[in-house]
Amino acid sequence: MVVKELLYQVRGEIASLEQVYETLLVKVEGLAEKAERDELSGLLRRKAFFDRWHQLLDQCTLAGIEAGVILVDVDHFKKINDTRGHAAGDEVIRRMGKLLRQFEGTGVIVGRYGGEEFAVAYSGGLERGLRLSEQIHEESRRTVEVTVSQGLHAAARGESPSLDQADEAL
């Protein structure tokens, strides 16, 4: 009888520990996600972007498909900060983040590259990059009410797209 009662108690304790473990796991995953995301834009921070971009490039290489990268720069951002204030500049970053998050998904990684610059890495060829670029251009004008300059570099199969070349294309 005593053994059965002890087993019953142990099972109850194990169930409680499993619940605590699951709760902690959810919190740790939330913190990890928060650490990877820029608090203003909600996009991947620079390091997280590069980590995921390298994974995407590896997948593209294995699958034998092309990849590309687009740099997006908000035009006249300094003027926005200087004339309308930093709160207005922050709002532009928030809204650009919201806009660019819409593109995240299969084969597309988006991150805040720095300041008012954003990076969009994608699997696929030049045509996909041009479509993404055009959508970003139109949506930023329509929803964020700013214009953006963009530089795109689409690499051939087996090659890696270059942020430097995308930056030169800006």
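Against the longest principal axis of the chain, how steep is helix 126-139, in degrees 0 to 90 to the nearest 10, with axes from Cα atoms? Roughly 90 degrees between the two axes.
For a modelled paramagnetic label at Glu127, 7 Å from Cα along Cα-to-Cβ, the residues of the stretch 133-163 in reach, with backbone nitrogen under 17 Å, are 133-135, 154-157.
Modelled label positions at Lys47 and Thr61, each set 7 Å beyond Cα in the direction of Cβ, lie 2.3 nm from each other.
Give me the percent of Cα-Cα pairs in the stretch 113-170 that sit more than 12 Å apart, rounded to a whole number. The answer is 68 percent, as a whole percent. What do you get for the angle between helix 86-101 and the principal long axis of the chain? Use alpha-carbon atoms, 0 to 90 degrees, nearest ten. Once rounded, the angle reads 70 degrees.
For the stretch 96-170, applying the loop criterion from DSSP together with a ceiling of 16 other beta carbons within 10 Å to the GluC sites (Glu not before Pro) yields Glu104, Glu145, Glu159. Compared with the dominant principal axis of the Cα atoms in the chain, helix 2-36 is inclined by about 10°. Taking every alpha-carbon pair under 8 Å whose residues sit at least 6 apart, the chain reaches a relative contact order of 28 percent.
Couplings 3J(HN,Hα) for the stretch 157-164, derived from phi with the Karplus relation 6.51 cos²θ - 1.76 cosθ + 1.60 (θ = phi - 60°), are 3, x, 10, 9, x, 10, 5, 4 Hz, where x marks Gly and Pro.
Against the empirical curve 2.2 N^0.38 Å, the C-alpha radius of gyration of the stretch 33-170 lands at a ratio of 1.02. Using a Gaussian network model of the chain in which every pair of alpha carbons under 10 angstrom is joined by a spring, one finds that among Ala88, Ala48, Ala119 the greatest mean-square fluctuation is at Ala88.
For the chain, the number of Lys pairs with C-alpha atoms closer than 22 Å, counting only pairs eight or more positions apart or on separate chains, is 6. Which one of Gln150, Gln19, Gln102 has the biggest mean-square fluctuation once the chain is modelled by GNM with Cα springs under 10 Å? Maximum among the listed residues: Gln19.
Read-outs: derived from the displayed coordinates by stated rules, not from any lab. Worth saying up front: this structure is predicted, and the values here are computed from it rather than measured. Quick reminder, even Gly has a Cβ in these numbers, built from the backbone with ideal geometry, and neighbours come from all protein chains shown.
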